[in-house]
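Chemist: Below you'll find the structure I mean.
Any read-out appearing in this document is the output of simple, stated calculations on the displayed coordinates, not a laboratory observation. Being a predicted model, the structure only gives us computed values, none of them experimental. Note: ideal-geometry Cβ built from the backbone for every residue, glycine included; neighbour counts use all protein chains shown.
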Amino acid sequence: MTTRPLAPAQLAPAIRQKAILSLLALCTLGLSLPASAQKSAFTTFDPPGPIVETIPTSMSPSGAITGWYFDGNIFHGFLRSLQGAFTILDFPGATGTSGASINPAGMITGYYFDGSGLPVFHGFVRSPDGDWTSFDPVGATDTEPASINPAGEIAGTYYDANHVSHGFLRDPDGAITSVDVPDSNGGTFVTGMSPSGEITGYYDDNDEYPQPQRGFLRSRDGAYTTFVPPPGEGCSSCRVNVLSTMPRSINPAGEIIGNFYRDDAQTVHGFVRERDGKITILDAPCAGASTFPNSINAAGVITGIYYGCGAAHGFMRDHDGKITTFDPPGSAYTMPTSINDAGAITGWYVDASSVTHGFLRSPAANSRGGPQH
């Protein structure tokens, strides 16, 4: 089962997180849902034509969704309108295209394969009118945009000729600034950007093992704040070492969500970091589950996935901390990827035939709740 098209350069830097995800997924796929599972208002979708997997990645405030799908031969990007109409996104001359993020105006950023042998990613931005622009930071061998904000600024990660990763920020006029955490001893990875241009992500800090990966926040003026969750918080039996901190998303209020794990357990914990630096541990509502928050909206509502209690479920956590779990009908594995300010959630799920589909969970379903524990 593929989760997104990956270039070789991506695999090594994220191997710790991906190894845990894969192991936990293998342990939980195919197990039954909890007895309390209920049906909610879901829409399943796939672009037209033969489909092996559909992976939505981002949703705009109006409900437009971008992502990518695999037809068994090539990766294509897509744009799904609120009404359910599809526009297929193929960068001219590319051998594969993936949409990564969409802003309120309908501008889409992502990356494409250039067809030069081994996958080489280049960044792109597509205007609402369908005009394409390719871009790469100077010296980049792979470019992977992660987020586009309302102003058209794009943040992401690129790799240089030495396979070292750097963050980047691209202005609407095309100027690109590198984003590197000062004094880091390894790569910098950008995972999210707020509407005002604050950037979050993580960096390797191998000189300070056993804390090789730390989170960071880059302010609009270029100042960096680094952070890890407090050692042992939320786990009285845990030792003090936080091995990895991986922020995933930041909202307009500066709240950052992500996940971390320690050196004494395979359990992964989610976290919420407020603008003032306070960090709250976010754990799924069953003992021993691993929790991976993926997206947070302006109201502080969070969506993501957890592994445990006999299955892998999507979840929604409201600003007061209440967690609702959910799965599209027929899902054996649910992965929410994006929540917009209206409370709509998109993502993907795997059915009993191991086919991956996109889904949309409506705000009405969110307000009514779903399976809860």
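Chemist: Using θ = phi - 60° and the Karplus curve 6.51 cos²θ - 1.76 cosθ + 1.60, what whole-Hz ³J(HN,Hα) does each residue of region 267-278 get, with Gly and Pro shown as x?
Modeler: 5, 9, 10, x, 8, 10, 10, 7, 4, 7, x, 5
Chemist: On to the next question. Do you know the relative contact order of region 68-111, to the nearest whole percent, from alpha carbon pairs under 8 angstrom that are 6+ apart?
Modeler: 30
Chemist: How do Val179, Val272 line up, fewest other C-beta atoms within 10 Å first?
Modeler: Fewest-to-most ranking of Val179, Val272: Val272, Val179.
Chemist: Also, quick follow-up: Whole percent per 10 Å bin, from 0 to the bin with the longest distance: what is P(r) over all C-alpha pairs of region 80-168?
Modeler: Reading the bins upward from 0: 18, 49, 28, 6, 0.
Chemist: Also, quick follow-up: Would you order Ser116, Ser362 from fewest to most other beta-carbon atoms within 10 Å of each residue's own beta-carbon?
Modeler: Numbers: Ser116 8, Ser362 17.
Neighbour counts put them in this order, fewest first: Ser116, Ser362.
Chemist: Report, in whole Å, the centroid distance computed from the Cα atoms of region 148-218 and region 67-115.
Modeler: Using only Cα atoms to place each centre, the spacing works out to 23 Å.
Chemist: Tell me, Cys286, Cys309 in order of fewest to most beta-carbon neighbours within 10 Å?
Modeler: In order of increasing Cβ crowding within 10 Å: Cys286, Cys309.
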